[in-house]
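*Asks:* Quick one: this structure, given as structure tokens, is what I'll be asking you about.
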Amino acid sequence: MDTHSSPARTARSIRGLACLLSGALVLAGCHDSPTDPLGGPTTVQTVPSLALASPLPELPKLVAESEPTPEVRGALEAWRASWDDPVADGSSRADARRTVAAHLASVMDAREVEEAFRSLLWAETEVERLGPLPPELALPLAEARSLTAEAGAARREGRVLAAIEAGLAAADLYRSLTPEAIGRRLVARGRALLAGMEDPAEDLGGQGGAVDVVGRARHLLDGAARALANGDAPVAVQRAFYGIQVLEGRMEVPDPEASSGTVDPGESPQGPAAY
């Protein structure tokens, strides 16, 4: 997702994500060949995510060469904002896609649509090379593949609007699984949990002083936000994940007076959770 990054920074981030692959699903090595993509599953010890080397179709870039109406510009802003919504159910993003798709269908022909969404086929090929994936990734990726096929069929039949709508939906499914998208959503969720605490002095879940809980969680979430700003999305996912666990009482906050027993976030007994 390139909603906040320059092309150069995005390229650096892609390489960085690929070389930071960790856990049981790590791919072997980083290369530049199109047949050996710079991507794969990462941060599997917290929330599974998928770093893709293939560039994804993106609403702002597709609209950039046309003259969008105020309604379309509003839809683009809603689409951008949706990635930082801690409780997004996808409906606002789908509404934004429909508005933009109607605009694009008025300025693009079938050939241009084919070119605009060609990278979805690259992403599909990239995913096929990864082998078995956890359900959190495999299920939405299967849906993305189905949408890509639907887009291709609609384009060949001359149904340009349907092709664009399906292609944009597939691209957003891929994008929603990337470390950056997951990191941004987790940071937003953690911030919302902090903001929703009526009494910061209240003890949370018997985990010790609430000030320690809040301070530790805020430290982790601030670190996650910095990691996102620096293009280190896998680290952002990990820090935000543990920040939320602290706030929800699923991870102990180390006692500063204790000489031992500190809990390393990487050693949480709770295991992965879906966020």
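*Asks:* For R218, put the label point 7 Å out on the Cα→Cβ axis and report which residues of segment 166-192 keep their amide N under 19 Å from it.
*Replies:* The answer is 187-192.
*Asks:* Over segment 42-103, give the accessible area per residue in Å² for a 1.4 Å probe, as an integer.
*Replies:* Accessible area per residue, segment 42-103: 45 Å².
*Asks:* Within 10 Å, Cβ to Cβ, of L147, how many net charges do the neighbouring residues add up to if Lys/Arg are +1 and Asp/Glu are -1?
*Replies:* Spelling it out: positives minus negatives among the neighbours equals -3.
*Asks:* Based on the mean of other beta carbon atoms within 10 Å per residue, what is the order of 191-197, 95-101, 121-127, most packed first?
*Replies:* 95-101, 121-127, 191-197
*Asks:* Just to verify a number: FRET efficiency for R111 and A142, C-beta to C-beta distance, R0 = 22 Å, to 0.05?
*Replies:* Approximately 0.20, to the nearest 0.05.
*Asks:* Report, by chain and number, residues whose modeled amide H sits under 5 Å from the one on A51, excluding near sequence neighbours (fewer than 5 apart, same chain).
*Replies:* G40, T42
The values are calculated or read from the model by the stated rules, or taken from the named source; none is laboratory data. Note that the coordinates shown come from a computational prediction; the quantities given were computed from them, not determined experimentally. When we count neighbours, we look across all protein chains shown, and the Cβ atoms used for this are built from the backbone with ideal geometry, even at glycine. Accessible surface is based on the protein model in full, side chains and every heavy atom, while ligands, DNA and RNA are left aside. Shrake-Rupley method; radii C 1.70, N 1.55, O 1.52, S 1.80 Å.
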